[in-house]
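Beneath this line is the structure, given in C-alpha coordinates, with notes to follow.
The values are calculated or read from the model by the stated rules, or taken from the named source; none is laboratory data. As the structure is a computational prediction, the values presented were derived from the model and not from experiment. Counting neighbours? That spans all protein chains shown, and the Cβs are built from the backbone with ideal geometry, glycine included. To get the accessible areas, we keep the full protein, side chains included, count just its heavy atoms, and leave off ligands, DNA and RNA. Shrake-Rupley method; radii C 1.70, N 1.55, O 1.52, S 1.80 Å.
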Amino acid sequence: MTFRYISSGEVYRKRLFGNFLNVKTQELALSAQGLHVDGVTWPGASLKCMNQNDWTEKLTIKDAAGTTVFSCIGTGILSFDLFANMMDDEMNQAG
(Lines give C-alpha, C1' and ligand atoms only; values in the text may rest on other atoms or scores of the structure.)
Protein backbone atom coordinates (compact mmCIF):
# COMPACT_ATOMS: atom_id res chain seq x y z
CA MET A 1 0.00 0.00 0.00
CA THR A 2 1.39 3.37 -0.98
CA PHE A 3 1.22 6.41 1.27
CA ARG A 4 2.39 9.96 0.74
CA TYR A 5 4.25 11.98 3.35
CA ILE A 6 5.43 15.52 3.82
CA SER A 7 8.92 16.06 5.25
CA SER A 8 9.15 17.33 8.83
CA GLY A 9 10.58 20.66 7.67
CA GLU A 10 7.66 21.12 5.30
CA VAL A 11 5.16 20.32 8.10
CA TYR A 12 6.71 23.01 10.31
CA ARG A 13 6.71 25.54 7.44
CA LYS A 14 3.01 24.88 6.82
CA ARG A 15 2.25 25.39 10.51
CA LEU A 16 4.04 28.73 10.54
CA PHE A 17 3.27 30.17 7.12
CA GLY A 18 0.12 28.41 5.90
CA ASN A 19 -0.42 27.81 2.17
CA PHE A 20 -1.49 24.27 3.03
CA LEU A 21 -2.53 23.27 -0.49
CA ASN A 22 0.94 23.84 -1.91
CA VAL A 23 2.79 20.76 -0.66
CA LYS A 24 5.49 18.50 -2.03
CA THR A 25 4.91 14.90 -0.99
CA GLN A 26 7.19 11.90 -1.08
CA GLU A 27 6.33 8.22 -1.42
CA LEU A 28 6.23 5.79 1.48
CA ALA A 29 4.99 2.24 0.91
CA LEU A 30 4.37 -1.00 2.76
CA SER A 31 4.40 -4.29 0.89
CA ALA A 32 5.09 -7.97 1.48
CA GLN A 33 8.76 -7.11 0.85
CA GLY A 34 8.83 -4.50 3.64
CA LEU A 35 8.97 -0.73 4.07
CA HIS A 36 9.87 1.34 0.99
CA VAL A 37 11.11 4.92 1.43
CA ASP A 38 12.64 7.00 -1.34
CA GLY A 39 13.68 3.96 -3.39
CA VAL A 40 15.17 2.01 -0.47
CA THR A 41 13.50 -1.12 0.95
CA TRP A 42 13.84 -2.48 4.47
CA PRO A 43 12.51 -6.04 4.92
CA GLY A 44 9.67 -6.27 7.43
CA ALA A 45 11.65 -8.76 9.55
CA SER A 46 14.43 -6.17 10.03
CA LEU A 47 12.10 -3.51 11.49
CA LYS A 48 11.95 -3.78 15.26
CA CYS A 49 10.81 -0.51 16.79
CA MET A 50 8.26 2.19 15.99
CA ASN A 51 7.94 5.11 18.41
CA GLN A 52 5.91 8.27 18.32
CA ASN A 53 7.04 11.05 20.59
CA ASP A 54 3.97 12.66 22.18
CA TRP A 55 5.71 16.02 22.57
CA THR A 56 7.21 16.44 19.10
CA GLU A 57 4.74 14.15 17.24
CA LYS A 58 7.74 12.60 15.50
CA LEU A 59 7.37 9.01 14.31
CA THR A 60 10.62 7.03 14.26
CA ILE A 61 11.07 3.54 12.82
CA LYS A 62 14.25 1.64 13.66
CA ASP A 63 15.75 -1.63 12.50
CA ALA A 64 17.10 -4.47 14.67
CA ALA A 65 20.48 -2.71 14.95
CA GLY A 66 18.80 0.42 16.33
CA THR A 67 19.43 2.44 13.17
CA THR A 68 16.69 4.89 12.24
CA VAL A 69 15.30 3.90 8.84
CA PHE A 70 12.50 6.48 8.70
CA SER A 71 11.56 9.53 10.74
CA CYS A 72 8.84 12.08 10.11
CA ILE A 73 6.28 14.20 11.93
CA GLY A 74 3.27 11.88 12.21
CA THR A 75 0.82 14.47 10.91
CA GLY A 76 2.98 14.70 7.77
CA ILE A 77 1.96 11.16 6.75
CA LEU A 78 -1.30 11.21 4.85
CA SER A 79 -3.57 8.51 6.37
CA PHE A 80 -1.24 8.31 9.37
CA ASP A 81 -3.48 6.07 11.52
CA LEU A 82 -3.72 3.45 8.78
CA PHE A 83 0.05 3.56 8.22
CA ALA A 84 0.86 3.25 11.95
CA ASN A 85 -1.53 0.31 12.40
CA MET A 86 -0.14 -1.50 9.36
CA MET A 87 3.47 -0.95 10.54
CA ASP A 88 2.57 -2.23 13.99
CA ASP A 89 1.00 -5.36 12.49
CA GLU A 90 4.04 -5.90 10.23
CA MET A 91 6.48 -5.69 13.14
CA ASN A 92 4.36 -7.94 15.38
CA GLN A 93 4.19 -10.61 12.66
CA ALA A 94 7.93 -10.42 12.03
CA GLY A 95 8.85 -10.53 15.71
* Just name the residue that is farthest from Asp89 (Cα to Cα) out of those in the stretch 26-40 that are of a type outside the set (D, E, K, R) and exposed (fewer than 14 other Cβ atoms within 10 Å of the Cβ). => Gly39
* In the stretch 76-89, which residue that is in contact with a helix residue (DSSP H, G or I) (Cβ under 6 Å, 6 or more places away or on another chain) and in a helix (DSSP H, G or I) is nearest to Ser31 (Cα to Cα)? -> Phe80
* Asked: If Val23 satisfies every condition in (1) open to solvent by 30 Å² or more (accessible area, probe 1.4 Å); (2) modelled with pLDDT of 90 or more; (3) under 20 Å from Glu10 (Cβ atoms); (4) of a type in the set (A, V, I, L, M) but one, which is the exception?
  -> (2)
* To do: For the stretch 57-78, name all the residues that are of a type outside the set (A, V, I, L, M) and either touching a residue at least 60 places away in the same chain (Cβ under 8 Å) or on the phi > 0 side of the Ramachandran plot (or both).
  => Glu57, Gly66, Ser71, Cys72, Thr75, Gly76
* In the stretch 50-68, which residue that is of a type in the set (Val, Ile, Thr) and part of a strand (DSSP E or B) is least open to solvent (accessible area, probe 1.4 Å)? -> Ile61
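Looking only at the stretch 69-95, which residues are farther than 11 Å from Leu47 by Cβ, open to solvent by 70 Å² or more (accessible area, probe 1.4 Å) and in contact with a Lys or Arg (Cβ under 8 Å, 6 or more places away or on another chain)?
The answer is Leu78, and nothing else.
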* When you scan the stretch 50-83, how many residues do you find that are under 22 Å from Val11 (Cβ atoms) and in contact with a strand residue (DSSP E or B) (Cβ under 7 Å, 6 or more places away or on another chain)? -> 21
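Looking at the stretch 4-20, which of its residues are more than 15 Å from the chain's Cα centre (by Cα), surrounded by fewer than 17 Cβ atoms within 10 Å (Cβ to Cβ) and free of Cβ contacts under 8 Å to residues at least 60 places away in the same chain?
Here is the first cut: in the stretch 4-20, the ones more than 15 Å from the chain's Cα centre (by Cα) are 12-20.
With surrounded by fewer than 17 Cβ atoms within 10 Å (Cβ to Cβ) added as a condition, the list becomes 12-13, 15-20.
Selection gives Arg13, Arg15, Leu16, Phe17, Gly18, Asn19, Phe20.
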